[in-house]
Every structure is written in structure tokens, then in C-alpha cells.
Amino acid sequence: MPEMWSAPVAAGPVDALVTLPGSKSMTNRALILAALSDGESLVRRPLRSRDTLLMAGALRALGASVDDAGADWRIVPGELRGPATVDVGLAGTVMRFVPPVAALATGEIRFDGDPYARKRPMGAILAALRILGADVDGDALPFTVRGTGAVPGGSVTIDASGSSQMVSGLLLAAPRYGKGAEVRHEGPPVPSGAHLTMTVRMLRDAGATVETEPDVWRVQPGRLRAGEIDIEPDLSNAAPFLAAALVSGGRVTVRDWPAETTQPGDELRHLLAAMGASVSYEDGDLTVRGGAVHGIDVDLGDVNELTCVIAALAALADGPSRLRGIAHMRGHETDRLAALTTEINGLGGDVREHPDGLEIRPRPLHGGVFHTYDDHRMVMAGAVLGLGVPGVEVENLATVGKTLPEFGELWAEMLR
Ligand SMILES: O=C(O)C1=C[C@@H](OP(=O)(O)O)[C@@H](O)[C@H](O)C1
Ligand SMILES: C=C(OP(=O)(O)O)C(=O)O
């Protein structure tokens with residue numbers, strides 16, 4: 001029987017200062033780039049969570065040295081070699097960013113993960129690796145990469161509408177491919193544009209030559225030097241805390257908010273303002289003050305990591321919402337559109353699925369079990385609902401450890 005967490009109700013307007021751990025997406029890109037670099041790298045203030053520890057484990061299995069004993073992690077590249085087994089857990093970044101690196105190793109590298117990871121889209125990137133000259137069997141987990149120590153590289157066209165990580169995974173390893181890589185997307189829109197921009201930015205910062213045009217990315221072959229990489233706080237994981245200001249009519253400040261960033265979470269400034277909050281930014285502090293909570297009609301395709309919390313807020317709003325551009329979230333840690341629909345309606349809500357997203361008509365909600373499907377962002381959505389609805393029991397709080405093991409403590413501290 002999974003553990004239940006009684007989500008606390010806000011006793012009054014929240015007034016809190018929150019400091020968040022590092023970005024999962026930046027950390028796992030930094031680890032990949034460091035493992036492919038010439039010489040030692042230092043990743044400052046990386047996120048320590050299940051997904052980043054799985055990434056560290058994967059790179060160690062391939063021959064890199066990752067010293068994660070301290071607050072900053074030191075990476076020394078090693079000869080990439082098998083045989084090895086990589087556990088991807090349920091981490092999209094590990095299952096899509098590591099195989100292109102494993103193709104550079106010598107020997108067999110076997111990939112598997114959590115049972116549900118076998119359902120997540122992998123076919124396009126595995127087919128792309130074969131076209132670029134790698135020996136990869138299968139089109140989903142579990143699969144094996146038979147590395148020969150080099151990958152020819154070249155041009156490849158894929159349909160990456162299932163996940164932007166298919167593109168990011170190929171680009172991150174491409175500087176070490178013989179001819180680099182030209183990746184062309186054909187199909188419905190690639191989601192998560194912010195993450196693609198992050199990939200290109202971090203590759204260039206590590207010395208790669210990257211050219212882009214709409215749906216085309218070209219990476220030249222060349223050496224990488226990740227050097228020292230500072231990881232920003234995870235702005236997507238600020239979402240539940242900032243949402244607490246709206247639900248409670250209070251004020252939450254998140255410290256160390258970067259003035260400029262590629263993280264999708266930065267869009268919270270605009271999204272939460274559109275939903276009724278007042279948002280201010282001063283000297284690295286982002287402050288959200290809540291008032292009424294309004295519905296929103298918005299395309300979240302480029303910033304879909306924010307969807308679960310935005311949907312929870314929408315269920316508590318004073319008007320209807322329509323969340324668009326998020327069809328591919330059916331391939332996330334769970335089918336998030338179905339999960340959000342089922343679980344919010346289980347609390348008395350009125351959520352309807354559309355092919356491209358959700359329609360949410362607020363209704364008075366009641367307590368009950370909020371199942372979380374091993375999905376960290378479903379835990380965060382349940383916590384936000386619980387602030388405004390007595391009796392919400394969130395299943396399996398620990399699953400939030402995928403990207404924020406400290407969530408429970410930070411949430412309690414915010415409400416103190
Ligand atoms: O590249 C990344 O770090 C990520 C890209 C996005 O994946 P999708 O494009 O599959 O949504 C995002 O949802 C995920 O949380 C992290
Ligand atoms: C989709 C997510 O993660 P990933 O795809 O990296 O497992 C997420 O963190 O919302």
C-alpha cells in the first residue's frame with residue numbers, strides 16, 4: 001500500500017522566502033558535456049536527485065569518474081568502454097542523452113530502467129543513431145548499444161514530436177562524432193523549445209560550434225571543454241511554491257532567480273501574472289503576490305514542465321482554462337493528461353482531455369486520494385490543490401525525489 005501524505009491546507013496567506021536546489025536539466029547536460037570534454041570539469045551546485053544520480057551512475061558505468069561527494073561535482077572523462085549496464089530509472093534525460101554517448105564506447109552497453117520507462121518514446125532517437133552509424137538494437141527500452149569506439153555522424157531526419165530530448169541527446173554527443181551531426185526534424189512541432197535552446201547554449205558554452213535554423217540543428221565535430229559550469233536553481237520546481245502565493249493570497253519570494261536564463265520555468269513570471277498574481281523581480285529575488293486566481297487559455301508546448309502545477313491552479317481558479325500544445329505529455333513519466341484529468345476529477349473537478357491538451361472548468365473540490373503515478377510533478381500538483389482543499393491525500397510523496405528530494409521539508413518550511 002503506497003504511503004499517503006496529508007497535503008497541508010494553507011491556514012492563511014503564505015509569506016515565505018524559498019531557496020531551491022539546482023536544475024535537473026542543466027545538471028544532466030553539464031554531466032554529459034563534462035564526460036565528453038578534454039580534461040577535468042567542475043559542475044557547481046548541481047542538483048542531487050534521483051535523475052542526476054542516475055546520470056552520474058550511467059557515466060561512471062561508461063568509464064567517466066564523477067566525484068559527487070561535495071556540493072560541487074568533479075568529472076574526469078575516461079575511456080568510454082563496455083561491457084556495461086545503464087539503469088535509466090524513469091529519467092528521460094538519461095534514456096535519451098546517454099545512448100548517443102554509449103555509441104562512442106567500445107563494447108556492449110545494455111540499457112533498461114523502471115518498468116514504465118519501457119513505455120516512453122525512444123524509437124526516433126535509436127533509429128537516428130543507426131543512421132548516424134551506431135549499432136543499436138530495438139526501438140524502446142530495454143536495448144543494447146554495441147559501441148565500436150567511434151560514430152561516423154552525418155545528416156539525419158527524425159520526427160522528434162514525441163520529445164525534444166531526442167534532438168538534445170543527439171546534439172550533445174555530436175561534437176565527438178566524425179562528421180558531427182545535422183539533425184532535421186520533420187513532423188508535428190517539437191515540444192520544449194526552451195530546453196532545445198538550453199542544449200544549444202550549453203554546447204556553445206562548452207566550445208561546440210552549433211548552427212540552427214527552424215527545425216534544423218548542425219553541430220560541427222570538435223573538442224569540448226566544459227570547464228566550470230554553474231547550475232542555476234530549478235525554476236520549474238519553483239512552480240508549486242509560487243503557486244502557493246496565488247492559492248493562499250500570500251507572498252512567496254524565490255532567491256537567486258537568474259536575470260537571464262534558458263529555463264522554461266522563467267515563463268512563470270508571465271503565466272502567474274496572467275492568472276492574477278503580481279510579479280516583481282529585484283536583485284535576483286522573484287516575488288509573487290497572490291490575489292484572485294483567474295483561468296488561462298495558453299499554449300504550454302515550449303514550457304510544458306509547468307503544466308501540472310498550472311492545471312492544479314486552474315482547477316482552483318474563478319474561471320475556465322484551456323491548456324494547449326501539450327499532447328506529447330502523454331509520453332512523460334506517466335500520461336499526464338489522463339492523470340491530471342482522472343485525479344482532479346476524482347476530487348470533484350471538471351477536467352476534459354482534448355487531443356492537444358486540457359480544458360479545466362473550476363468547481364468546488366473535495367478531499368480524497370490524489371494518485372501520483374511515480375510522477376514528481378503530480379506530487380507537486382497534489383500539494384498545490386491541497387493548499388486550498390482540505391483532506392487531499394497525496395500518494396507516494398517520495399516520488400518527488402526524481403527532481404526535488406527536499407520538497408516535503410521545503411513545503412513545510414514555506415507554510416510555517
Ligand atoms: O531536455 C530536458 O532536460 C527536458 C526536456 C523536456 O522533455 P520533453 O520535450 O520530452 O517534454 C522536459 O519535459 C523534461 O522535463 C526535461
Ligand atoms: C518530463 C520530465 O522529465 P524527463 O522527461 O526528463 O524524465 C519532467 O521533469 O517533467
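Here are the numbers:
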| read-out | value |
| --- | --- |
| Test result for residue 323, outside any helix (DSSP H, G or I), crowded, with 23+ Cβ neighbours inside 10 Å and without any contact (Cβ under 8 Å) to a residue 60 or more places away in the chain | yes |
| Tabulated pairs, segment 300-312, first more than 15 Å from residue 275 (Cα to Cα), second among the β-branched types (Val, Ile, Thr) and within 12 Å of ligand 2 (Cβ to nearest atom), C-beta under 7 angstrom, 6+ apart or interchain | 301/326; 304/326 |
| Complete set of residues in segment 147-175 that are surrounded by fewer than 18 Cβ atoms within 10 Å (Cβ to Cβ) and in a strand (DSSP E or B) | 148, 154, 155, 157 |
| Pick from segment 226-235, criterion surrounded by 15 or more Cβ atoms within 10 Å (Cβ to Cβ) and more than 16 Å from ligand 2 (Cβ to nearest atom), ranking: modelled with the highest pLDDT | 229 |
| Filter result (among the hydroxyl-bearing types (Ser, Thr, Tyr) and either under 10 Å from residue 20 (Cβ atoms) or buried (at least 23 other Cβ atoms within 10 Å of the Cβ) (or both)) within segment 236-259 | 236 |
| Residue selected from segment 326-363 under the condition hydroxyl-bearing (Ser, Thr, Tyr) and in contact (Cβ under 8 Å) with a residue 24 or more places away in the chain, by the criterion farthest from ligand 1 (Cβ to nearest atom) | 342 |
| Unique residue being out of contact with any helix residue (DSSP H, G or I) (no Cβ under 6 Å at 6 or more places or on another chain), assigned to a helix (DSSP H, G or I), among the charged types (D, E, K, R) and more than 22 Å from residue 305 (Cα to Cα) when the list is 269, 204, 218 | 204 |
| Enumerated strands (runs of 3 or more DSSP E) restricted to segment 1-91, each holding at least 2 residues that are buried (at least 16 other Cβ atoms within 10 Å of the Cβ) | 15-18, 41-44, 73-76, 84-87 |
| Top-ranked residue of segment 187-201 - restricted to ones that are within 16 Å of ligand 2 (Cβ to nearest atom), assigned to a loop (DSSP other than H, G, I, E, B) and not aliphatic (A, V, I, L, M), ranked as farthest from the chain's Cα centre (by Cα) | 191 |
| Failed item, numbered, when residue 314 is tested on (1) buried (at least 23 other Cβ atoms within 10 Å of the Cβ); (2) in a loop (DSSP other than H, G, I, E, B) | (2) |
| Cβ pairs under 7 Å, 6+ apart, first in segment 109-125 and free of Cβ contacts under 8 Å to residues at least 12 places away in the same chain and under 11 Å from residue 96 (Cβ atoms), second within 11 Å of ligand 2 (Cβ to nearest atom) and part of a helix (DSSP H, G or I) | none |
| All positions within segment 89-146 that are away from ligand 2 (no atom under 14 Å from the Cβ), within 30 Å of residue 399 (Cα to Cα) and of a type in the set (S, T, N, Q) | 144 |
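Okay, residues lined up against (1) among the basic types (Lys, Arg); (2) under 27 Å from residue 355 (Cα atoms); (3) more than 16 Å from ligand 1 (Cβ to nearest atom):
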position	(1), (2), (3)
217	no, no, no
235	no, no, no
261	no, no, no
291	no, no, yes
303	no, yes, no
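The values are calculated or read from the model by the stated rules, or taken from the named source; none is laboratory data. The structure displayed is predicted, hence computed values, not measured ones. When we count neighbours, we look across all protein chains shown, and the Cβ atoms used for this are built from the backbone with ideal geometry, even at glycine.
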